[in-house]
Amino acid sequence: MALESWTASLSDPLADLVSRAQRGDRAALGELIAQTQGRVYNLAYRILGNPQEAEDLTQEVYVRVWRALPRFRGESKFTTWLHTVATNACLNRKRKLRRQLDAQLDAGERLEEIAAPEEGPAQEALHHDEHARLWELVERLPDKYRLVLALFYQQQLSYQEIAQVLALPLGTVKAHLNRARNALAANMKKVGIR
Amino acid sequence: MTDCKAHEALLAQYVADGQPPLREYQALRRHLATCEDCRAAAHALQRVEQALWAWPLYPAPTGLVERTLANIDGETPMEPWKPLPWSVWLPALTLLVALALALLLAPEPGLAPAVPWLEPQAELAFQVRLPDDPALLWALWIGGAIVVFGAGITMALVQGRLPNETEMDHLRHMLSDTAQRLWRLAGR
């Protein structure tokens, strides 16, 4: 365990900031948030599909991280731990939102009014581009596939790190990614992206 | 077609890995050389790869760091993990041992405690005659177990002096954190 901790701290570029933040250095904490907030915000946006929800969740994740920071022992990279906290928080929030949505639907509201997809600036600018159309297809994939795609391609985590974050076997992570890739290739054909 | 199905599972990984000339992909590469459908599928997967690597990040909202730090201001960090002091784990260990012994030595009416790993005919030095009434026997045994439990817990909590709040708080934090982790795991 000590060896793992030592090797993780050697390969973690944020180790110094983390250690200073653990000692209560507020500037280091601010710097740590500044360097990593883009990852958390994007992951939250990908899963929740709403900028306001993503921002609220990002703040919630850092509050959790701050509270638990003294117990982070550097056995994995800080970002791997951060992704674990963020992923759990995202999935919990998504479940809660889904329950609220179900309750609203039961109350007679129409799905389109509640779940209209919001477009980010990148999508608007590239709306007719082939890539943009494919990213729209990604948004329609089930959560578990969208999550592994976001962790691999956007957050650039290794297969091993994703397995650690999601507490899944390595083979399952690869299988999820390959299924998502195949589904996208098949859907691309269906919607006429040539 | 059967060949295509057999290679389908590997194709996405092969393309994602950058189509390396590895031995594990040798059969797939031979198949691709002769199968136009699979080459088209590989081409589609290649475009998926390119699009996914170009998947843009949303810029984080301006002022998010300041808002987050303001949110954090009222929060108290948890205590760091520390190994439990002997004054907590030793009584807890004795309690576990007492409980294990109580379970292993569950009484049978009319006999001294039965030790399961001994032959039935083995003589026990401490064999004593117990009451024949099963209800009384069980009441004695349960009463004994409760006394052992009570003694262990009292030792763990009091240690011959007033409870040490820091240690107890620490124990409580550890228990709540473990319960939360298990809950999250179960949630998955």
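For the reader, a short list of remarks on this structure follows.
- Enumerated helices (runs of 4 or more DSSP H) restricted to the stretch B:1-73, each holding at least 1 residues that are touching a Gly at 6+ places or on another chain (Cβ under 9 Å) and either at the interface with chain A (Cβ under 7 Å from one of its Cβ atoms) or at positive phi (or both): B:64-72
- Helices (runs of 4 or more DSSP H) lying entirely in the stretch A:122-191 (those with 1 or more residues that are among the aromatic types (F, W, Y)): A:130-139, A:143-149, A:159-166
- Residue in the stretch B:29-40 that is within 18 Å of A:L184 (Cα to Cα), of a type outside the set (G, A, S) and open to solvent by 40 Å² or more (accessible area, probe 1.4 Å) present: yes
- Where A:Y45 falls short, out of the listed (1) in contact with an Asp or Glu (Cβ under 6 Å, 6 or more places away or on another chain); (2) at the interface with another protein chain (Cβ under 9 Å from one of its Cβ atoms): (1)
Listed here are the residues, each with its yes/no results for (1) in contact with a strand residue (DSSP E or B) (Cβ under 9 Å, 6 or more places away or on another chain); (2) over 20 Å from B:C38 (Cα atoms); (3) open to solvent by 30 Å² or more (accessible area, probe 1.4 Å); (4) facing chain B (nearest Cβ under 8 Å).
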{"residue": "A:Y159", "(1), (2), (3), (4)": "no, yes, yes, no"}
{"residue": "A:A167", "(1), (2), (3), (4)": "no, yes, yes, yes"}
{"residue": "A:L170", "(1), (2), (3), (4)": "no, yes, yes, no"}
{"residue": "A:A185", "(1), (2), (3), (4)": "no, no, no, yes"}
{"residue": "A:V191", "(1), (2), (3), (4)": "no, no, yes, no"}
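- Residues of the stretch A:50-62 that are crowded, with 17+ Cβ neighbours inside 10 Å and in contact (Cβ under 8 Å) with a residue 40 or more places away in the chain: A:E53 alone.
- Residues satisfying the stated conditions in the stretch A:54-92, i.e. farther than 18 Å from B:I72 by Cα, at the interface with chain B (Cβ under 9 Å from one of its Cβ atoms) and assigned to a helix (DSSP H, G or I): A:N88, A:L91, A:N92
Rundown of residues vs (1) modelled with pLDDT under 95; (2) under 24 Å from B:M78 (Cβ atoms); (3) open to solvent by less than 30 Å² (accessible area, probe 1.4 Å), yes/no style:
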| position | (1), (2), (3) |
| --- | --- |
| A:Y41 | no, no, yes |
| A:A68 | yes, yes, yes |
| A:L91 | yes, yes, no |
| A:D106 | yes, no, no |
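The values are calculated or read from the model by the stated rules, or taken from the named source; none is laboratory data. Here the structure is a predicted model, which is why all the values come from computation and not from measurement. Positions of Cβ are backbone-derived with ideal geometry, glycine not excepted, and every protein chain shown enters the neighbour counts. Note: accessible area is taken over every heavy atom of the protein model, side chains too, but ligands, DNA and RNA are not part of it. Shrake-Rupley method; radii C 1.70, N 1.55, O 1.52, S 1.80 Å.
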